[in-house]
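In what follows, a structure is listed as structure tokens, so that the remarks can point back to it.
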Amino acid sequence: MRTDCRNYESRTYGSGEVVRKCRIDLAPEAPWRCPDDCVGYDMRRIDAGWQVGTLAKGYDAAEPEPEGEDVTALLDAAEDIVNAAAPEILDEFERKREKRSFGRRKKKRK
């Protein structure tokens with residue numbers, strides 16, 4: 001991944017897991033590499049207000065690149081699984097929100 005692109009994002013969770021991704025989803029082989037001639041590449045110019053750490057902090061050794069001919073198909077399949085689960089998860093949160101607000105009624109103003 002091009003870490004100097006303004007569309008690059010990296011987050012380290014408390015467990016030590018590091019997530020690296022393209023914010024505009026133009027890297028079909030993310031998190032391993034961006035296309036050489038990516039149309040979304042825009043050099044990062046300003047990091048004002050952000051706490052920037054080193055990329056090596058979240059992990060010691062470089063993660064191995066996946067083996068196989070069709071990495072893009074694997075990542076697309078994973079994205080399809082997440083996208084298929086999203087509506088169900090959002091419906092569950094909506095039902096919980098409706099349950100909480102069911103007993104609450106607005107007071108009438110005089």
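Per-residue 3J(HN,Hα) values for region 82-90, derived from phi via the Karplus relation 6.51 cos²θ - 1.76 cosθ + 1.60 with θ = phi - 60°, read 5, 5, 5, 7, 4, x, 5, 5, 5 Hz in sequence order (x marks Gly and Pro). If the chain linking GLU79 and ARG44 were pulled fully straight, counting 0.36 nm for each residue of separation and taking away their Cα-Cα distance, it would gain 9.9 nm.
The numbers here are math on the coordinates, done by the rules we state, and not lab data. Small disclaimer: the values here were computed from a predicted structure and weren't measured.
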